[in-house]
Amino acid sequence: MKILHWAAAVLLALLMPGFAAEMGDDGLHKTGWMRDTFKDLTEDLGEANAEGKRLLIMVEQRGCIYCTKMHEEVFPREDVARFIENNYFVVQMNLHGSTEVTDFDGETLEEREMARKWGLLFTPTLVFLPQEVEDGQTAMDAAVSVMPGAFGAGTTLDMLTWVAEERYLDQSEEDFQRYHARRIQERDNGSFD
């Protein structure tokens, strides 16, 4: 029986895509699509725009079981990982960290102070930014969408797609909830993966 469990574990490891996260020295999950920056959000936005990608701030914390769920079940899925890698410039922020972050309004605070300034309570929280931020705005003022908490792969991929396709610009016909419901229905009908 032990040989069967061992063989199944080896097979599963071989079938998993190479997008699984490792644990960093700070206790946060690290992936190949996360960027190591100086956390100056104006500079990060400029780099994201130069690459034709959207800036995404991913706020996490050490020991977060929901962050672990996302990094073990959602982000390693090949469709999700590739979509993030191809469309997003991801900057990770530690909810309780001491690394300095410079907000779009010019204020520089430690990560934990910035999280309080932005009113963040849950991890993970995904903060989606537009390509342009008005002078004086904070990241939270400018955010086109905020996704607090852990969600399944379908919901996460739908949010990533909804933002990347700029569907938030005209929500009169289809806000995110209607978009997501339509995508679920299409998946159920076999219209796409």
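Quick notes on this one:
- Charge tally for MET93 (other residues, Cβ to Cβ under 14 Å; Lys, Arg +1; Asp, Glu -1): -3.
- Sorting THR125, THR37 from the fewest to the most surrounding beta carbons within 10 angstrom yields THR37, THR125.
- Cα centroid of region 149-170 to Cα centroid of region 91-110, whole Å: 24 Å
- Over the chain, Cα pairs under 8 Å with separation of 6+ residues give a relative contact order of 20 percent.
- Neighbour cut-off at most 13 other Cβ (10 Å), DSSP loop, trypsin sites (Lys or Arg not before Pro), region 27-128: none
- Non-local Lys pairs in the chain, i.e. 8 or more apart or on different chains, that have alpha carbons under 26 Å apart: 9
- Qualifying GluC sites (Glu not before Pro) in region 152-193, DSSP loop, other Cβ atoms within 10 Å at most 11: GLU165, GLU173
- Computed over the alpha-carbon pairs of the chain, the distance histogram in 10 Å steps reads 8, 34, 35, 16, 5, 1, 0 percent, short to long.
None of the figures in this text is laboratory data; all of them are computed from the coordinates on show. Remember, predicted model here, so these are calculated numbers, not experimental data. For neighbour counting, all protein chains shown are included, and Cβ atoms are generated from backbone atoms with ideal geometry for every residue, glycine included.
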